[in-house]
Amino acid sequence: MRLLPLLLVLCLLSGGPAMAGDADRQLDFADHLFAQKDYYRAVTEYKRFLYLYPDDPAAPSALLRMTRAYLAGERWQEADATVDELLKRYPESREAGRAALLSAEVAFRQRNFSLARQRYGSAGLHYPELADTAGYRIAWCLLEEGDIDQARQQLEGLEAPQGQALAADLHRFATLPRKSPATAGLLSSVLPGAGQVYT
């Protein structure tokens, strides 16, 4: 009879490490599904992890990974909602800055470059360690919009030396001679293939 309380205590104590191992296995399985490009099921497993282990130190990481799965699966609204949840629940976590960048990436992938620039700018202001990364991405948005001069100026403002090198490359690109598509079309209509030779 005296052994029963002792066995009960031992069972309870042994449950902790096993549960921690289970949490790791749960995340590993979700990551495996993500690596297999099974994004929908990966999201489900990340959600399961967050449900079963809401206080686990890896919870912010699970939310970030879930955002990436939504992004890879082109589930834009869900990705934004997951970023919002991460920033609300874990604003001081190391994942918060990366989540802010992913929020901008959602807009970028939807080709909403003005919103992406705004979000990248906000991420760079709130998380100074990510300012150069955000600056590069803002320049990329400007290039996608066809604004080479603004992109060059953005890169020149970065502290990293690569920004200066890329800005110099953009300056050289902007000064390259251009050929007229209208002239190529006219030449092709007069003499088939002449437009190809011109370009």
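The values are calculated or read from the model by the stated rules, or taken from the named source; none is laboratory data. Nothing here was measured: the structure is a model prediction, and the numbers come from that model. Reconstructed Cβ throughout: ideal geometry from the backbone, glycine too, with neighbour counts over all protein chains shown.
Hey, any hits in the range 44-55 for a residue that's under 30 Å from Ala151 (Cβ atoms) and assigned to a helix (DSSP H, G or I)? Checking the range 44-55: not a single residue is under 30 Å from Ala151 (Cβ atoms) and assigned to a helix (DSSP H, G or I).
State whether one or more residues within the range 161-169 are at pLDDT 80 or above, surrounded by 18 or more Cβ atoms within 10 Å (Cβ to Cβ), among the small types (Gly, Ala, Ser) and in a helix (DSSP H, G or I). Within the range 161-169 (the criterion being at pLDDT 80 or above, surrounded by 18 or more Cβ atoms within 10 Å (Cβ to Cβ), among the small types (Gly, Ala, Ser) and in a helix (DSSP H, G or I)), the answer is no, since none of the residues qualifies. Scanning the range 133-149 for residues that are assigned to a helix (DSSP H, G or I) and either assigned by TED's automatic domain parsing to the domain that holds Leu86 or farther than 23 Å from Ala81 by Cα (or both) yields Gly135, Tyr136, Ala139, Trp140, Leu142, Leu143, Glu144, Ile148, Asp149. Taken as a whole, the structure places Leu130 among residues that are assigned to a helix (DSSP H, G or I) and aliphatic (A, V, I, L, M). Quick check, is Gln26 surrounded by fewer than 19 Cβ atoms within 10 Å (Cβ to Cβ) and among the polar types (S, T, N, Q)? Taking the combined requirement at face value, the residue does not satisfy it.
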